[in-house]
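Report on one structure; see the data block that follows.
The values are calculated or read from the model by the stated rules, or taken from the named source; none is laboratory data. Predicted model, so just to flag it, every value in this text is computed and none were measured. Methodologically, a virtual Cβ is constructed for each residue, glycine included, from the backbone with ideal geometry; neighbour enumeration extends over all protein chains shown. For the accessible areas, the whole protein counts, side chains as well, though only heavy atoms, and no ligand, DNA or RNA atoms are used. Shrake-Rupley method; radii C 1.70, N 1.55, O 1.52, S 1.80 Å.
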Amino acid sequence: ILSGHMIGEVKKEKLVKTSGARAGDLLLLVKGICIEGNSVIAREKETELLKGGISSSLIRKAKRFIFNPGIDVLRSARIACQAASIHSMHDPTEGGLINGLIEMAWASEKEIEVDLEKVLIYRESRILCQEFGLNPLGVIASGALLLTISPLDLSGIEKAFRKVSIPFQVIGKVKKGPARVFRIDRKGRKELKPLSRDEILKIY
């Protein structure tokens, strides 16, 4: 058994917390989903996927998702912080994007409205999740990064991420509390509830 931890230092005025979202902020998603989930499914269920008609080339690509687009969020976080004043930041992991959004809302004590149709779901994510009946929005999402900013800072963020060819999307906005998350679409608003377990567990 190997156990460890890492501690980082930052100046107090530079500290960005999950709890810092402000009413009026835009909600951004850097990269897409479900990066880590793709790799897990491809590595754990390769035989079943091949039998199901999934190409070996797609499986190989999905396995390497932990490297490209990658599960590291440090570079994205640094780019964002250099380009704008980031009010809050969160890396969705267990429970995927859905739980990540709810964790951000709870921590900030704010309401979040999200348009899930604007979320980048990788082609590989759609294919592999469909094969096992998983909701990609609830699959472990390491590699993605959620952040909130003032609308005035959007232009600077856009330029910074386009310069390095990292995809990002404005997927929602922050409103005054109570703490909750609503999915918005043409049918109206529907509150999202936290997942009791990650969708990835369905493959086992």
Select, from 56, 39, 3, the only residue that is touching a helix residue (DSSP H, G or I) at 6+ places or on another chain (Cβ under 7 Å), more than 14 Å from residue 140 (Cβ to Cβ) and of a type in the set (Gly, Ala, Ser). 56
Taking the stretch 109-140 as the search range and keeping residues that are touching a Leu at 6+ places or on another chain (Cβ under 7 Å) and charged (D, E, K, R), which one is surrounded by the fewest Cβ atoms within 10 Å (Cβ to Cβ)? 131
Collect the residues in the stretch 41-75 that are of a type in the set (Lys, Arg), open to solvent by 40 Å² or more (accessible area, probe 1.4 Å) and either within 23 Å of residue 93 (Cα to Cα) or part of a loop (DSSP other than H, G, I, E, B) (or both), keeping them in residue-number order. 43, 60, 61, 63, 64, 75
Answer residue from the stretch 173-204, given it is in a strand (DSSP E or B), of a type outside the set (D, E, K, R) and in contact (Cβ under 8 Å) with a residue 40 or more places away in the chain and is nearest to residue 84 (Cα to Cα) among those: 174
With criteria (1) open to solvent by 60 Å² or more (accessible area, probe 1.4 Å); (2) farther than 25 Å from residue 177 by Cα; (3) of a type in the set (Gly, Ala, Ser), residue 80 comes up short on (1)
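So, in the stretch 141-172, of the ones that are touching a residue at least 40 places away in the same chain (Cβ under 8 Å) and in a helix (DSSP H, G or I), which residue ends up most open to solvent (accessible area, probe 1.4 Å)?
Ranking the qualifying residues of the stretch 141-172, first place goes to 159.
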Hey, can you tell me all the residues within the stretch 85-97 that are under 16 Å from residue 148 (Cα atoms) and touching a residue at least 60 places away in the same chain (Cβ under 8 Å)? 85, 86, 87, 88, 89, 90, 97
Counting only residues that are out of contact with any helix residue (DSSP H, G or I) (no Cβ under 6 Å at 6 or more places or on another chain) and among the hydrophobic types (A, V, I, L, M, F, W, C), which one in the stretch 173-191 is surrounded by the fewest Cβ atoms within 10 Å (Cβ to Cβ)? 184
State the number of residues belonging to the stretch 83-110 that are more than 16 Å from residue 179 (Cβ to Cβ), more than 11 Å from the chain's Cα centre (by Cα) and in a strand (DSSP E or B). 1
